[in-house]
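The values are calculated or read from the model by the stated rules, or taken from the named source; none is laboratory data. If you're wondering where the values come from, they're calculated on a predicted model, not measured in any experiment. A quick note on method: Cβ atoms are made from the backbone with ideal geometry, for glycine too, and the neighbour counts reach across all protein chains shown.
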There are 2 protein chains.
Amino acid sequence: MSKVKIFLDEKDMPRAWYNIQADMPNLPKPALHPGTKQPAGPDDLSPIFPMGLIMQEATTERWVEIPDEVMEIYKLWRPSPLFRARRLEKALDTPAKIYYKYEGVSPAGSHKLNTSVPQVYYNKIEGIKRLATETGAGQWGIALSQACNFFGLECTVYMVKVSFQQKPYRRTMMETFGAEMFASPSENTNTGRAILKKDPNSPGSLGMAISEAVEDAAGREDTNYSLGSVLNHVILHQTVIGLEAKKQLEMVDEYPDVVIACCGGGSNFGGTAFPFAYDKITKGTKVRLIATEPSACPTLTRGTQGYDFGDVAGFTPLLWMHSLGKDFMPPSIHAGGLRYHGVSPLVSQIVKDGIAEARAYGQTAVFESAILFAKCEGTIPAPESSHAIHGAIEEALAAKAAGEAKTILFNLSGHGLLDLPSYEAYLAKKLIDFPLPEESLKKSLANLPQV
Amino acid sequence: MSKVKIFLDEKDMPRAWYNIQADMPNLPKPALHPGTKQPAGPDDLSPIFPMGLIMQEATTERWVEIPDEVMEIYKLWRPSPLFRARRLEKALDTPAKIYYKYEGVSPAGSHKLNTSVPQVYYNKIEGIKRLATETGAGQWGIALSQACNFFGLECTVYMVKVSFQQKPYRRTMMETFGAEMFASPSENTNTGRAILKKDPNSPGSLGMAISEAVEDAAGREDTNYSLGSVLNHVILHQTVIGLEAKKQLEMVDEYPDVVIACCGGGSNFGGTAFPFAYDKITKGTKVRLIATEPSACPTLTRGTQGYDFGDVAGFTPLLWMHSLGKDFMPPSIHAGGLRYHGVSPLVSQIVKDGIAEARAYGQTAVFESAILFAKCEGTIPAPESSHAIHGAIEEALAAKAAGEAKTILFNLSGHGLLDLPSYEAYLAKKLIDFPLPEESLKKSLANLPQV
């Protein structure tokens, strides 16, 4: 009988994160201050980020050591397992081997905890007592509230009001770990009060919630802000995924022909693919790196690389990235974590330079693949992660058509147990493919900031 | 830095289940036919169970080989990890070492899949095409629907109507794996129709749902019935838990002083504790085995051993067990899986003979322990499993008081991600301790069947 799971021993866990800035043929242009439009320096970021993370944002050191205190928490669930999806291979009748790294074993249920833990750690050692953040569907808020709990920091989460009301399970989970929760827009900030004055029934948006969290953090000496994707230090922390997967594949004498991960803000894709991009850039290793995204929010496949704000209000530094324009309003797909107008500048540049490629899928096809995966492997995948599953299935079927025994690796970034209402909608045939709102895209692209 | 997780390699998985019937000083009295009150033979059970399972029910062979087909499915999540709860130890400031086996890694989220997989397998090889079962909160229904999906059998689940309406996440999960669902009482059986005729708004009960599933199975040649606990073959399958845990503890040169598991129908407790009871009975090893149950449904601590029916209607064979009486209506505690009037005859006898002991806890104390555990270890535990956590904490604090460095093992039988509304109730201080309904208990005990 064949082996299904490949476990790495705790003693073989990576002791350093991989920083692709050391090896990229072209670095993205620097982030700009939103007011002066000059390159943003450490001082511009220090009111809301600790210096430890600001330094990681800019460093070009290839390896950044993981602190012992972070390693101790990582060990609660890391190394995460690597599975061979034998039953899925059989169902597809493909000669391809399909491996998946599974980040849903984290107590947060997703890869997000890989970065919330070091983020809280670096804040703690600089004396910060409290972190503020925003969350949409709730994955990031759960991860940050858990990490704050582990290190004894307070955590305040501005959760988009419509999600706050519709996703009580995720809200309760944050509260269980001690987070203080506000439905955003809230009465707790000037931004929130101003919005509520205009529209007391505002359902909220991620853009509004970011503004509230940043205002909260900027206004209190003991408080910083924390972001769950996009920035360089977030991608850096997530490289534990790809580094572990490489070691696990080595244990069974494999190296992937294709590496696939879904892409919203980019930390999951970067974290999975960059350790393989390292081989590709520095050793010329042949490996395809595929970022999969929703066709209703096709940042990498339809956006253009340029300067744009990270948030809707235009408070953040200008980032050099693929963007659909901050005013683009993505349709309400179930993969809430992939509904972002921009993407990590590092991921953007790697795609721009042809080191990685991107593909976009409609959500009904993605859910079909999710259910096939669940029926074969048992695990209910998150809607976001299911974009990677769909990409892997596409590749496995292409290998079958070509008669090639390829090795495919994808990252299953989270489970879908708190997303079961989305499955209910799919099973009831109430889930539809949203066409891309071309007019809205045209307008938002025309409205990109002039730099 | 110390090791937190102990993984067993797939090649070291147990290849046989342990059958305590081979070693018990006293076997429980035989099950009786509900009509004749004579010992029930294989022919009495064959209309609804396959012969493979009927034989396991009665065998006194010590080891029962696990079929290859079952091993292949087990490998999707087994061996399950053993954790050392170092952060919990620290929080309790105890000299005790606390280890926990974690069964929540199964795709069903609980230990129930350990038995649903072999149950479906033995039905399949005897030509059965479809299984019918009941489910209360939904854990067992999920496990059986997944196992049927893996082996290509149809699955029909009668889910207690009030749960069907209040637990849409669990219902959707069963539907995702292809189960046909009925809210019980349903129009699909004579039993259901009769109940609905009397009371069209009946909320249903586990007793009614069992009757519907048994009627369904008995009425169709291609269909059998499946039960998720209580019976000997179910306990047998669950011994993979304790067998693996023993090997994992050996890997770190440990043997437990105390083994703790929660107890409803008894399969989780038996599965965890019996491989250690083997050492205790056959080698005189000193190890305490503690079954923890809710004080609102204290089967082992307040029930009496004798013959009783497994279901409310009195359709099942009479089982020799601790029972609160089939008419006892337990208060609506959140640990739905522990709301059962009876218990496995094997567990009952082991407790009766003093090989294991039992303790009962109120639910607010249990939830307090659950939240402490979640904050230390990250994982949100199921309300049922939290009874084991509470027992482990009690033992760890006793060790602290006595200044003894004990080794405690407990089984965390499932995660609580689909039980978050119970946590919400606790956090909102809406969760209360139900007093034991003494009058109801007195009546139901007085009403035990005369044999």
Open item on the list: Given the criteria out of contact with any strand residue (DSSP E or B) (no Cβ under 6 Å at 6 or more places or on another chain), within 14 Å of chain B (Cβ to nearest Cβ) and surrounded by fewer than 22 Cβ atoms within 10 Å (Cβ to Cβ), does A:LEU397 qualify?
Closed with: no
Task: Unique match (being closer than 27 Å to B:VAL259 by Cβ, crowded, with 18+ Cβ neighbours inside 10 Å and at pLDDT 95 or above) among B:ARG62, B:ARG78 - done: B:ARG78
- [ ] Return a yes/no flag: does the range B:420-442 have any residue that is under 24 Å from B:GLY109 (Cα atoms), among the charged types (D, E, K, R), within 14 Å of another protein chain (Cβ to nearest Cβ) and without any contact (Cβ under 8 Å) to a residue 12 or more places away in the chain.
- [x] yes
Open item on the list: Which of the numbered conditions does A:ASP199 fail, given that it passes all the others? Conditions: (1) over 18 Å from A:ILE48 (Cβ atoms); (2) surrounded by 19 or more Cβ atoms within 10 Å (Cβ to Cβ).
Closed with: (2)
TODO: Tell me which residues, restricted to the range A:400-418, are within 14 Å of chain B (Cβ to nearest Cβ) and within 13 Å of A:THR272 (Cβ to Cβ).
DONE: A:LEU412, A:GLY414
- [ ] Might you check whether a residue that is crowded, with 24+ Cβ neighbours inside 10 Å, under 27 Å from B:VAL157 (Cα atoms), among the hydrophobic types (A, V, I, L, M, F, W, C) and at pLDDT 95 or above occurs anywhere in the range B:237-255?
- [x] yes
Open item on the list: Against the definition (at pLDDT 95 or above, more than 20 Å from B:GLY52 (Cα to Cα), over 20 Å from the mean Cα position of the chain (by Cα) and aromatic (Phe, Trp, Tyr)), how does B:PHE177 come out, yes or no?
Closed with: yes
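State the number of residues belonging to the range B:337-377 that are within 14 Å of another protein chain (Cβ to nearest Cβ) and over 17 Å from B:SER413 (Cβ atoms).
Final tally of qualifying residues: 5.
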- [ ] Name every residue in the range A:335-356 that is more than 25 Å from A:LYS167 (Cα to Cα) and either of a type in the set (S, T, N, Q) or not in a loop (DSSP other than H, G, I, E, B) (or both), in order of residue number.
- [x] A:SER344, A:PRO345, A:LEU346, A:VAL347, A:SER348, A:GLN349, A:ILE350, A:VAL351, A:LYS352
TODO: For the range B:378-394, name all the residues that are assigned to a helix (DSSP H, G or I), among the small types (Gly, Ala, Ser) and more than 14 Å from chain A (Cβ to nearest Cβ).
DONE: B:ALA388, B:GLY391, B:ALA392
Task: Qualifying positions in the range B:273-307 - among the basic types (Lys, Arg), in a helix (DSSP H, G or I) and in contact (Cβ under 8 Å) with a residue 12 or more places away in the chain - done: B:LYS280, B:ARG302
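The rows are residues; the columns are (1) of a type in the set (S, T, N, Q); (2) away from chain B (no Cβ under 13 Å).
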| position | (1), (2) |
| --- | --- |
| A:SER80 | yes, no |
| A:ARG84 | no, no |
| A:ALA91 | no, no |
| A:LYS101 | no, yes |
| A:ASN149 | yes, no |
Open item on the list: Of all residues being at the interface with chain A (Cβ under 9 Å from one of its Cβ atoms) and in contact (Cβ under 8 Å) with a residue 60 or more places away in the chain in the range B:66-75, which is surrounded by the fewest Cβ atoms within 10 Å (Cβ to Cβ)? Just the residue, please.
Closed with: B:LYS75
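Among the residues in the range B:19-36, are any in contact (Cβ under 8 Å) with a residue 40 or more places away in the chain, within 14 Å of chain A (Cβ to nearest Cβ), out of contact with any Leu (no Cβ under 7 Å at 6 or more places or on another chain) and farther than 25 Å from A:GLU10 by Cα?
Within the range B:19-36 (the criterion being in contact (Cβ under 8 Å) with a residue 40 or more places away in the chain, within 14 Å of chain A (Cβ to nearest Cβ), out of contact with any Leu (no Cβ under 7 Å at 6 or more places or on another chain) and farther than 25 Å from A:GLU10 by Cα), the answer is no, since none of the residues qualifies.
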Open item on the list: Just to be sure I understand the filter: pairs with C-beta atoms under 6 Å, separated by 6 or more residues or on different chains, first member in the range B:386-411 and over 18 Å from B:VAL252 (Cα atoms), second member among the charged types (D, E, K, R) and modelled with pLDDT of 95 or more. Which pairs pass?
Closed with: B:ALA399/B:LYS406
- [ ] Evaluate the range B:95-113: report whether one residue or more is modelled with pLDDT of 95 or more, within 30 Å of A:TYR100 (Cα to Cα) and in contact with a Cys (Cβ under 6 Å, 6 or more places away or on another chain).
- [x] no
- [ ] Could you tell me which numbered condition A:GLU215 fails, if it satisfies all but one of (1) among the acidic types (Asp, Glu); (2) surrounded by 14 or more Cβ atoms within 10 Å (Cβ to Cβ); (3) modelled with pLDDT of 95 or more?
- [x] (3)
Task: Test: residue in the range B:198-207 that is within 21 Å of B:PRO47 (Cβ to Cβ), more than 14 Å from every other protein chain (Cβ to nearest Cβ) and within 21 Å of the chain's Cα centre (by Cα) - done: yes
Task: Tally of residues being of a type in the set (Asp, Glu) and assigned to a strand (DSSP E or B) across the range B:308-334 - done: 1
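Given the residues A:ALA446, A:ALA396, A:ALA388, A:ALA358, which is the only one that is in contact with a helix residue (DSSP H, G or I) (Cβ under 6 Å, 6 or more places away or on another chain), of a type outside the set (Ser, Thr, Tyr) and within 30 Å of A:ASP327 (Cα to Cα)?
It is A:ALA358.
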TODO: Only residues in the range B:113-141 that are farther than 19 Å from B:GLY265 by Cβ count as the first member; pair them with residues that are small (Gly, Ala, Ser) and surrounded by fewer than 24 Cβ atoms within 10 Å (Cβ to Cβ), Cβ under 6 angstrom, at least 6 apart or cross-chain, and list the lot.
DONE: B:TYR122/B:GLY52
TODO: Give just the number: which of (1) within 24 Å of B:ASP419 (Cβ to Cβ); (2) assigned to a helix (DSSP H, G or I); (3) among the aromatic types (Phe, Trp, Tyr) does B:TYR122 not satisfy?
DONE: (1)
Task: Of residues in the range B:38-84 being small (Gly, Ala, Ser) and under 23 Å from the mean Cα position of the chain (by Cα), the one farthest from A:GLY104 (Cα to Cα) - done: B:ALA58
Task: So B:TYR169, is it of a type in the set (Phe, Trp, Tyr), surrounded by fewer than 23 Cβ atoms within 10 Å (Cβ to Cβ) and either within 11 Å of chain A (Cβ to nearest Cβ) or closer than 29 Å to B:GLU395 by Cβ (or both) - done: yes
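One line per residue, one yes/no per condition, for (1) modelled with pLDDT of 95 or more; (2) of a type in the set (S, T, N, Q); (3) surrounded by fewer than 23 Cβ atoms within 10 Å (Cβ to Cβ):
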{"residue": "B:CYS262", "(1), (2), (3)": "yes, no, no"}
{"residue": "B:ASP279", "(1), (2), (3)": "yes, no, yes"}
{"residue": "B:ALA291", "(1), (2), (3)": "yes, no, no"}
{"residue": "B:SER295", "(1), (2), (3)": "yes, yes, yes"}
{"residue": "B:TYR307", "(1), (2), (3)": "yes, no, yes"}
